[in-house]
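Structure, as structure tokens:
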Amino acid sequence: MGSSPNFLKRLAPWIISMGLSSALVLGLAWLFLKPKLESTDQPLPSLQVSTVNSALVALRPLPAQQRIEPLKQLAQQGTAQEQNQARYVLTADLINLGQGAEALQWLEGLEARYPLLGSHIAVLQAEAQTLAGQTEQATKTWQRIIADYPQEPAAAEALFVLGQQKPELWQQAIADFPAHPKTVKIAVEQLKKKPKQLPLLMLIAEHGLFLTNYGDYLTQLTKEFKGQLKPADWQIIAFGYWEKQLYKEGALAYAQAPQTSQTAYRGARGLQLGGEKKQARAAYQKMIAAYPQAKETPLALSKLASLEPDLGKAAQHYDRAFQLSKDQQPTLAAQILGERIQRLKKAKQLSSTFEKTLLQQFSDSNDAATLRWQQAEQQRKAGNLAGARKLALEIQKQNPNSPQAATAVFWAGKWASTAEERQAAFQTLWQTYPDSYYAWRAAVLSGWNVGDFTSIRSFQPQIRFPSTQLPLAAGSPALKELYQLGQSKTAWARWQWEFRNRQQPSLSEQLTDGLLRLGVQEYLDGIYMLANLEMRAREENDPEKLVEQWQDHPGFEQALFPLAYFTPIRKWSNQRNLNPFLVLSLMRQESRFQPKIRSVAGAVGLMQVLPETAEWVSEKAGLKDYQIDGIDDNINLGTWYLDYTHRNYNDNSMLAIASYNAGPGNVDRWVKQTSVTDVDVFVEEIPFPETKNYVKSVSENYWNYLRLYNPQIQQLMQEQAQ
């Protein structure tokens, strides 16, 4: 992680307490400090991003109230630029706490000293003046922002505020800053008064994807203005539906958009994902006829084959898809072969010819790895562990980047005849597949203190908060400065204005968008945007190896495994004697940290609690009034039930996690029916594929939180990598 002991010493007192003990550590003087704004340092008129003081970085995870006094000290020491940065964060915190008058003291002269964030400092000044009751001065500041920063997004904020008294300024915001969140808010407010306004609805369709009721605006557009929408409008609407995973609606919109092979494919695929199989088949056929040689055509043919119940007709589609893809898209060709093989096996028909082609012509493909692993499993079940291990080692050699690789390496170690071979396999897992479920299993079997299935629940790992974050790869210097200062909401709002290539972002733009979404707790989309980068780099070519460079930064994986809602998680975990990393891992799998998300089965919130379960738990826990999708209440209910499942299975976390997913009745039946004593074999033989993957995913999440945030495991993994 690159964190020094000195850094931890600086961070510790601020995290542990903000009372007298902190004052003694930092020096009592800061308790009585007032802004000392004069300085012998010359102002730095730099417009470049500069490094943030590590002491300021250490304060980022803390709530505003807890870091006010340390920020006051930092605002008066170090270089001029370090003071500027601390003063900016301090004034933003004071404003958030409603302390406008004090914020104004620290803002004095800062706009001139810190031009990189000059427009944002002016916004803080106007907000602080409003809080301090200086209405006339605030109005003048907003007016000055429009005059001095007419091209900056700060002007949109000024137009929003002043436009509440002068409506023509709202129209100026719509014309000049349509993508700014404040302008989207203007559109929302105007539509409340007069709902049927096509231009405003289209503005929201293009720029309001962050709105919780975004889909309602798309529905209104398509119902009330269907005859007035242009093809370009339909393209925007279709993209919005697709982003919100409303695939059927997106398909209908793509049918009206400018037709390309991509939009035609998305239209057909959307119908398939939306459950409209008959319509999807017709759409695929139309797309294939219109674009017989397009890049998307082989994939369309394979999807059409999957919808064709007649194996003979499906074979024709598979044949054509394979011929079109085998030279230019070998990965897709292997995938088509793999799908065909699995379908033939399911129908109990011979697939040996296609298996031979897959293993010989596409030996290094993921689908070849899948086939080899299936063959290895057959050998294991037949009692031929030597044969199974041989196939597993083939995967390690031929398919080292496949999803099956870590599985194969682990079992090659378990099936090894010597301790040396077994340890060599485990070493490979730690070095090559450190983020895998099997790297954790190897650590457990090697005696590491990482918590096993029988001890995870009460294991209390030390937690080291991140000392660094992955820098943004796109955007203006001001955006990057706001981001590194931890000003997530302001940075996100600015990015909405800067981000112009939303439908086809570059790799750098996608990374930036993902990181900024995480900053405003859009975890589901943020994690997806980052996780998807590797696949994009493989498919589209990444000559500069940008994705590899980002992945090498410790902040990349920490972004994929954020410490979301950690304060309430830790509170309820401690109360229930649960490992907070286990709760965090289950929550990541259940909801990707979306408080309002609802499953098709009706499960609600961060820990996906069913309403009937919540009612039962609330009675048992004595919780009279609760909000099932409230953050604190949902974690309270979810951790109570997770504790209950652990008590049911004698604190065996594997069975408790499985029960959380599949229900205690199924787990009880599996335990009674099996004679397996090896826990690793038991997990692999869980009858429900969803539950098997769920147990592995939650456990893998746990391992990743442990290795990313626990200093002892960080050290062990660093030693293994050397």
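The values are calculated or read from the model by the stated rules, or taken from the named source; none is laboratory data. Here the structure is a predicted model, which means the values were calculated and not measured. Positions of Cβ are backbone-derived with ideal geometry, glycine not excepted, and every protein chain shown enters the neighbour counts.
Can you find, within region 370-391, the residue that is surrounded by the fewest Cβ atoms within 10 Å (Cβ to Cβ) among those that are over 17 Å from Leu358 (Cα atoms) and in contact with a helix residue (DSSP H, G or I) (Cβ under 6 Å, 6 or more places away or on another chain)? Filtering first and then ranking leaves Gly387. Scanning region 487-500 for residues that are in contact with a helix residue (DSSP H, G or I) (Cβ under 6 Å, 6 or more places away or on another chain) and either at pLDDT below 95 or among the hydroxyl-bearing types (Ser, Thr, Tyr) (or both) returns Ser488, Thr490.
Listed conditions (1) under 35 Å from the mean Cα position of the chain (by Cα); (2) in a helix (DSSP H, G or I); (3) buried (at least 18 other Cβ atoms within 10 Å of the Cβ) are all met by Leu62, apart from (2).
This table checks each residue for (1) in contact with a Phe, Trp or Tyr (Cβ under 6 Å, 6 or more places away or on another chain); (2) acidic (Asp, Glu); (3) free of Cβ contacts under 8 Å to residues at least 60 places away in the same chain; (4) farther than 25 Å from Leu209 by Cα.
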position	(1), (2), (3), (4)
Arg517	no, no, yes, no
Glu522	no, yes, no, no
Ile527	no, no, no, no
Glu534	no, yes, yes, no
Gln549	no, no, yes, yes
Phe561	yes, no, no, no
Tyr565	no, no, no, no
Ile569	no, no, no, yes
Arg576	no, no, no, yes
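Taken residue by residue, region 615-627 has no member that is surrounded by 16 or more Cβ atoms within 10 Å (Cβ to Cβ), within 30 Å of Val520 (Cα to Cα) and under 24 Å from the mean Cα position of the chain (by Cα). Against the list (1) outside any helix (DSSP H, G or I); (2) out of contact with any helix residue (DSSP H, G or I) (no Cβ under 9 Å at 6 or more places or on another chain); (3) farther than 30 Å from Gly514 by Cα, the condition Val600 fails is (3). Give region 107-131 a look and list any residue that's of a type in the set (Gly, Ala, Ser), crowded, with 17+ Cβ neighbours inside 10 Å and either over 37 Å from the mean Cα position of the chain (by Cα) or within 20 Å of Leu47 (Cα to Cα) (or both), or say none. Gly118, Ser119, Ala122 - these are the residues of region 107-131 that are of a type in the set (Gly, Ala, Ser), crowded, with 17+ Cβ neighbours inside 10 Å and either over 37 Å from the mean Cα position of the chain (by Cα) or within 20 Å of Leu47 (Cα to Cα) (or both). In region 306-334, of all residues being farther than 20 Å from Ala368 by Cα and in contact with an Asp or Glu (Cβ under 9 Å, 6 or more places away or on another chain), the one that is surrounded by the fewest Cβ atoms within 10 Å (Cβ to Cβ) corresponds to Gln316. Looking across region 668-706, the residues that are within 29 Å of the chain's Cα centre (by Cα) and either surrounded by fewer than 13 Cβ atoms within 10 Å (Cβ to Cβ) or of a type in the set (S, T, N, Q) (or both) come down to Pro689, Glu690, Thr691, Asn693, Ser697, Ser699, Asn701, Asn704.
Restricting region 335-355 to residues that are surrounded by fewer than 18 Cβ atoms within 10 Å (Cβ to Cβ) and among the aliphatic types (A, V, I, L, M) leaves a set whose member that is nearest to the chain's Cα centre (by Cα) is Ala347. Among the residues making up region 184-200, a single one is in contact with a Phe, Trp or Tyr (Cβ under 6 Å, 6 or more places away or on another chain) and not β-branched (Val, Ile, Thr): Leu198.
Just the residues that are of a type in the set (S, T, N, Q) and in contact with a Ser or Thr (Cβ under 6 Å, 6 or more places away or on another chain), please, taken from region 360-400. Explain how you work it out, then say what you get.
To start, the set of residues in region 360-400 that are of a type in the set (S, T, N, Q) comprises 360-361, 363, 365-366, 370, 374-375, 378-379, 384, 396, 398-399.
Of everything in region 360-400, those that are of a type in the set (S, T, N, Q) and in contact with a Ser or Thr (Cβ under 6 Å, 6 or more places away or on another chain) turn out to be Asn366, Gln398.
If Asn652 satisfies every condition in (1) farther than 15 Å from Met587 by Cα; (2) touching a residue at least 12 places away in the same chain (Cβ under 8 Å); (3) surrounded by fewer than 19 Cβ atoms within 10 Å (Cβ to Cβ) but one, which is the exception? It is condition (3) that Asn652 fails.
Tell me whether region 164-184 contains one or more residues that are loosely packed, with under 14 Cβ neighbours inside 10 Å and either in contact with a strand residue (DSSP E or B) (Cβ under 7 Å, 6 or more places away or on another chain) or over 29 Å from Lys140 (Cβ atoms) (or both).
First pass over region 164-184, keeping only residues loosely packed, with under 14 Cβ neighbours inside 10 Å: 164-168, 175.
Next cut, either in contact with a strand residue (DSSP E or B) (Cβ under 7 Å, 6 or more places away or on another chain) or over 29 Å from Lys140 (Cβ atoms) (or both) only: none.
No, there is no match, as no residue in region 164-184 is loosely packed, with under 14 Cβ neighbours inside 10 Å and either in contact with a strand residue (DSSP E or B) (Cβ under 7 Å, 6 or more places away or on another chain) or over 29 Å from Lys140 (Cβ atoms) (or both).
Identify, from the list Asn541, Asn579, Asn574, the residue that is at pLDDT 95 or above and either hydrophobic (A, V, I, L, M, F, W, C) or within 27 Å of Pro434 (Cβ to Cβ) (or both).
Working: Asn541 fails: at pLDDT 95 or above; Asn574 fails: either hydrophobic (A, V, I, L, M, F, W, C) or within 27 Å of Pro434 (Cβ to Cβ) (or both).
One residue alone meets the criteria, Asn579.
A single entry from Arg457, Arg464 fulfils the requirement of being in contact with a helix residue (DSSP H, G or I) (Cβ under 7 Å, 6 or more places away or on another chain) and over 30 Å from Ala75 (Cα atoms): Arg457.
Consider Tyr284 carefully, then state whether it is surrounded by fewer than 24 Cβ atoms within 10 Å (Cβ to Cβ), in contact with a Lys or Arg (Cβ under 9 Å, 6 or more places away or on another chain) and either hydroxyl-bearing (Ser, Thr, Tyr) or part of a helix (DSSP H, G or I) (or both). The answer is no for Tyr284. Close Cβ contacts (under 6 Å, 6 or more residues apart or on different chains) running from residues in region 165-191 that are basic (Lys, Arg) to residues that are assigned to a helix (DSSP H, G or I) and surrounded by 14 or more Cβ atoms within 10 Å (Cβ to Cβ) comprise Lys182/Ala156; Lys182/Glu157; Lys182/Phe160. Residue check: is Phe362 closer than 30 Å to Thr432 by Cβ, aromatic (Phe, Trp, Tyr) and crowded, with 17+ Cβ neighbours inside 10 Å? Yes, satisfied. Across region 528-573, which residue is surrounded by the fewest Cβ atoms within 10 Å (Cβ to Cβ) among those that are in contact with a helix residue (DSSP H, G or I) (Cβ under 7 Å, 6 or more places away or on another chain), among the aliphatic types (A, V, I, L, M) and over 21 Å from Val698 (Cβ atoms)? That would be Leu546. Can you spot a residue in region 89-106 that is under 22 Å from Leu62 (Cα atoms), without any contact (Cβ under 8 Å) to a residue 24 or more places away in the chain and not in a loop (DSSP other than H, G, I, E, B)? Yes, region 89-106 contains a residue that is under 22 Å from Leu62 (Cα atoms), without any contact (Cβ under 8 Å) to a residue 24 or more places away in the chain and not in a loop (DSSP other than H, G, I, E, B).
Could you say whether any residue in region 174-185 is over 30 Å from Ala112 (Cα atoms) and at pLDDT 95 or above? Reasoning before the result, please.
From region 174-185, those over 30 Å from Ala112 (Cα atoms) are 184-185; that's our starting set.
Add one more test, that the residue is at pLDDT 95 or above, and what stays is 184-185.
Yes, that holds for at least one residue.
If you go through region 636-655 one residue at a time, do you hit one that is more than 26 Å from the chain's Cα centre (by Cα), assigned to a helix (DSSP H, G or I) and small (Gly, Ala, Ser)? No - not one qualifying residue is present in region 636-655. Evaluated against (1) more than 21 Å from the chain's Cα centre (by Cα); (2) buried (at least 19 other Cβ atoms within 10 Å of the Cβ); (3) without any contact (Cβ under 8 Å) to a residue 60 or more places away in the chain, Gly665 falls short on exactly one condition, (2).
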